1. Express in % the proportion of alpha carbon pairs of the stretch 61-204 at distances exceeding 24 Å.
2. At what distance in nm do the modelled label points of residue 220 and residue 116 sit from each other, each positioned 7 Å from its Cα along Cα→Cβ?
3. Just to be sure I understand the curve: with the Debye formula and one point per C-alpha of the stretch 103-165, what is log10 I(q)/I(0) at q = 0.20, 0.22 Å⁻¹?
4. Taking a cut-off of 28 Å between Cα atoms, list the lysines near residue 286, but don't count ones fewer than 8 places away on the same chain.
5. Please work out how much length the chain gains when fully extended from residue 254 to residue 237, using 0.36 nm per residue of separation minus the C-alpha to C-alpha distance, in nm with one decimal.
6. If I take all pairs of Cα atoms in the chain, what percentage of them are more than 25 Å from each other?
7. Over the C-alpha atoms of the stretch 157-258, what are the Rg and the largest Cα-to-Cα span, Dmax, in Å?
8. Per the Kirkwood treatment, what hydrodynamic radius in Å, one decimal, follows for the stretch 5-88 from the mean inverse distance over all distinct Cα pairs?
Amino acid sequence: MLPDIDSLALFVRAAELRSLTKAAEASHIGLAAASRRIALLEHRFKTPLLERSSRGVELTPAGAALLPYAKRLLIEINQMQSEMSDHAVGRRGVLRILANTSVITESLPEDLAGFALKNPDVRLVLEERWSSEIVRALLAAEGDVGIIVEGTRTDGLETFAYSSDRIAVVMPAGHPLARVPEMKFVDLLDEDLIALESTSSMMHLLAEQAVIAERTLQLRVEVRSFEAVCRMVQAGLGIGLLPYQAASVLAGALGLTVRPLIEEWAERRMLICVKSDRGANSSIAKLLDYLAESRSA
């Protein structure tokens, strides 16, 4: 017999709170009932899951092995309930959209808002990820539509052009480079640089161009968000590298100057991608058509 969901949820709470008493309170049941549920769970798995003591509970090796499975199962059940609720109120489906930070800070929010207005029966769920993570998630069926930067490997996916951006330099208004008429990548290579994590697609591109120029990037700070790059530049830790449109929005409020790189390679194309064997899904088709029309307009 499979374990019941309520008992698994109780087990996860007990493991996270390290207390069966607190887990019982969070589950709105008595301590005796909670103890019986855990005992039944241990009986079904034929092994102890929690070690009890005066200090609370600790996971046994079996409990530690069960915990990630139980968490994933509870998350999937929650997603299942959410999607069924959408069907119950008349929505025909949920589209899980995975997008990189560049498009989330530029044109995508307006496009999705327009699509949602025309298609109220489709619920959109948007998640921000790096481009390489998006490809892996789509192939693992963890998302329906992805938006990535060109250059990321897309084996097993169909791709469609969406938009483009250009890498730019973010610096204090009084920085000497702010007076350079045309900003070139080699002009930056003697500066302390603030940029995104090395796993981002933009940093892969910049590292490749530094090798071509037979120079080394002087990375002083690596962060995960566009906002953090701008804040570090404002604090005087160096100059930043970000997509131009997003940098223009963020830097203006901080009194920073944004200058695009002039090199041809600094312009990056954004691609919409979906699984090649996705099957028939009218909601995905509607979104792809809408985004194509939006970009052409």
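1. Values: 5406 of 10296 pairs.
Summing the P(r) of the stretch 61-204 above 24 Å gives 53 percent of all pairs.
2. 3.9
3. Results for the stretch 103-165 at q = 0.20, 0.22 Å⁻¹ read -0.89, -1.04.
4. Answer for residue 286, where 28 Å is the Cα cut-off: 118, 275, listed by chain and number.
5. Details: separation 17, 0.36 × 17 = 6.12 nm, distance 1.45 nm.
4.7 nm is the gain from fully extending residue 254 to residue 237.
6. So the pairs more than 25 Å apart make up 61 percent of the total in the chain.
7. Rg then Dmax for the stretch 157-258, in Å: 13.6, 46.
8. 13.3
Values quoted throughout were computed directly from the atomic coordinates according to the rules given, and no laboratory measurement underlies them. Just so it is clear, the model here is predicted, and its values are computed rather than measured. Because the Cβ atoms are built from the backbone with ideal geometry, glycine has one as well, and the counts that use them run over all protein chains shown.
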